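Here is the structure we will look at, set down as structure tokens.
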Amino acid sequence: MDFVNDLTRIVRDVQRVVVATIDDAGMPETRAVEILDADAEGLYFIVDRTTAFYAQLAARKSLAFTGVQGASYGECATVTLRGRVEEMGSGLVLPLLEKNEAVFEFYKNEESRKNLTVFRMYQGAGERTERHAGTVARTYERLHQEAPVFHHRRLRRLQGVRFEMSRRVH
């Protein structure tokens with residue numbers, strides 16, 4: 001199964017995820033968020049512009065989330081992603097809400113939607129873990145993310161440090 005299909009499954013089967021951001025003091029902060037849509041460009045969710053959540057996303061442009069599908073530990077799937085987000089604006093709020101009846105019911109009048117905006121997770125990495133009949137299967141995925149160029153140089157430096165440290169010990 002490809003990753004876009006996995007994103008669509010998140011919206012269909014998991015939908016509500018726990019999202020973590022970092023506050024101004026550098027501490028993690030979590031909240032439950034409805035993932036409203038997914039396509040080849042990413043995952044979409046709404047945020048109230050008057051909240052600390054909005055301020056954290058606007059300032060840091062990143063988040064991590066975990067969603068769980070299934071009721072028991074032994075028979076479930078989890079999806080965890082961390083990555084980059086961007087604000088898409090308020091023009092997508094109504095179309096996204098109309099796709100999600102329960103969420104639309106909460107924001108059914110225009111007054112309740114006036115402070116909402118849409119964010120899209122467009123880049124990230126994570127894993128899907130499935131537990132079934134005593135087995136665990138993990139799939140690691142990337143969403144529009146290339147391996148960073150600096151990674152290989154840094155790894156060589158770290159390997160050099162390990163080599164130097166091991167030479168001193170022996």
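The values are calculated or read from the model by the stated rules, or taken from the named source; none is laboratory data. Just so you know, these numbers come straight off a predicted model, no measurement behind them. We place every Cβ from the backbone using ideal geometry, glycine too, and count neighbours over all the protein chains shown. Surface accessibility is based on the protein's heavy atoms, side chains included, excluding ligands, DNA and RNA. Shrake-Rupley method; radii C 1.70, N 1.55, O 1.52, S 1.80 Å.
Residues whose amide H lies under 5 Å from that of LEU116, counting only those 5 or more places away or on a different chain, are ARG49; hydrogens are built 1.01 Å from N in the peptide plane. Based on protein heavy atoms only, segment 1-111 ends up with 56 Å² per residue of surface accessible to a 1.4 Å probe.
Given a 1.4 angstrom probe, I'd like the percentage of the accessible area of segment 1-117 that is carbon and sulfur, rounded to a whole number. Carbon with sulfur: 53 percent of the solvent-accessible area.
Just tell me which lysines come within less than 26 Å, Cα to Cα, of LYS61; anything on the same chain fewer than 8 places away is out. Within reach: LYS99, LYS114. Could you give the Stokes-Einstein D for segment 62-142 in µm² per second, using the C-alpha Kirkwood radius, 37 °C, 0.692 mPa s? After rounding, the answer is 219 µm²/s.
Normalised Debye scattering of segment 1-70 at q = 0.18, 0.23, 0.26, 0.28 Å⁻¹ gives log10 I(q)/I(0) of -0.71, -1.03, -1.19, -1.28, counting only Cα atoms as equal scatterers and leaving out solvent. Across segment 67-83, computed HN-Hα scalar couplings (Karplus, 6.51 cos²θ - 1.76 cosθ + 1.60, θ = phi - 60°) run x, 10, 10, x, 9, 10, 4, x, 10, 7, 10, 10, 10, 10, 9, 9, x Hz from first to last residue, x flagging Gly and Pro. Packing, as the average of other Cβ atoms within 10 Å across residues, places the peptides 44-57, 82-95 in the order 44-57, 82-95, highest first. Taking amide H as placed 1.01 Å from N in the peptide plane, CYS76 has its amide H under 5 Å from the amide H of ARG131, each at least 5 places away in sequence or on another chain.
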